[in-house]
1. Report the relative contact order of segment 1-93, percent, no decimals, based on alpha-carbon pairs under 8 angstrom and at least 6 residues apart.
2. Give me D for segment 1-48 in µm² s⁻¹, whole number, from Stokes-Einstein with Rh from the Kirkwood sum over alpha-carbon pairs, 10 °C and 1.306 mPa s.
3. With a/c under 1.5 counting as rounded, go ahead and sort segment 24-75 into rounded, prolate or oblate using the C-alpha gyration tensor (a ≥ b ≥ c being the square roots of the eigenvalues; past the cut-off, prolate if a/b is larger than b/c, else oblate).
4. Please work out the FRET efficiency for the pair residue 52 and residue 95, using the Cβ-Cβ distance as r and a Förster radius of 25 Å; give the result to the nearest 0.05.
5. Calculate, axis by axis, the spread of Cα positions in the chain along the three principal axes, and write the results as whole Å, longest axis first.
6. Rounded to the nearest whole Å², what accessible area per residue is found for the chain with the 1.4 Å probe?
7. Taking 0.36 nm per intervening residue step and subtracting the Cα-Cα distance, what contour gain separates residue 61 from residue 79 on full extension?
8. Could you work out how far the C-alpha centroid of segment 8-38 sits from that of segment 60-86, in angstrom?
Amino acid sequence: ALECILGQLVPNSFDCEGMPCEAPVVPNAHPDGACAEGSPIGHGDNCTVRCAPGNRPWCNDEASPRDGCQLTCDATRFHTSFQCIGLPCEAPDTSGIANAAPQACEEGSVIDNGGR
């Protein structure tokens with residue numbers, strides 16, 4: 001804090017520091033918070049995003065979802081955002097089923113979350 005003493009501010013110099021960011025609130029975020037580091041996240045620090053089980057984070061500045069994507073705090077705001085998307089399912093193995101087609105699902109070996 002600056003103090004005025006006999007017409008002089010003491011100390012005579014100061015620094016401005018960015019304020020921290022609160023962890024983002026998104027659907028399907030991890031129940032213990034969206035940032036592995038907790039909240040708040042300091043100015044210039046990273047939030048390693050995390051999602052509830054069965055979901056994977058997708059940082060909007062990346063080409064595909066992946067665990068470990070990060071958001072950087074810049075004076076109360078993160079530079080990018082993220083969402084938690086449901087994990088895909090693997091089609092069942094039909095190798096031990098009599099008269100079954102070699103591929104169980106028309107959609108292929110991986111079914112997107114929400115697909116049938």
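1. Rounded, it is 26 percent for segment 1-93.
2. So the translational diffusion coefficient is about 117 µm²/s.
3. Oblate, since a/c reaches 1.5 and b/c is not below a/b.
4. 0.15
5. Each principal axis gives a Cα extent; for the chain these are 95, 25, 17 Å.
6. With all protein chains present, the chain gives 71 Å² per residue.
7. Gain on extension, residue 61 to residue 79, equals 5.5 nm.
8. 16 Å
The values are calculated or read from the model by the stated rules, or taken from the named source; none is laboratory data. Small disclaimer: the values here were computed from a predicted structure and weren't measured. With ideal geometry, Cβ positions are generated from the backbone for all residues, glycine too; neighbour counts draw on all protein chains shown. In case anyone asks, the SASA skips ligands and DNA or RNA and just uses the protein heavy atoms, side chains included. Shrake-Rupley method; radii C 1.70, N 1.55, O 1.52, S 1.80 Å.
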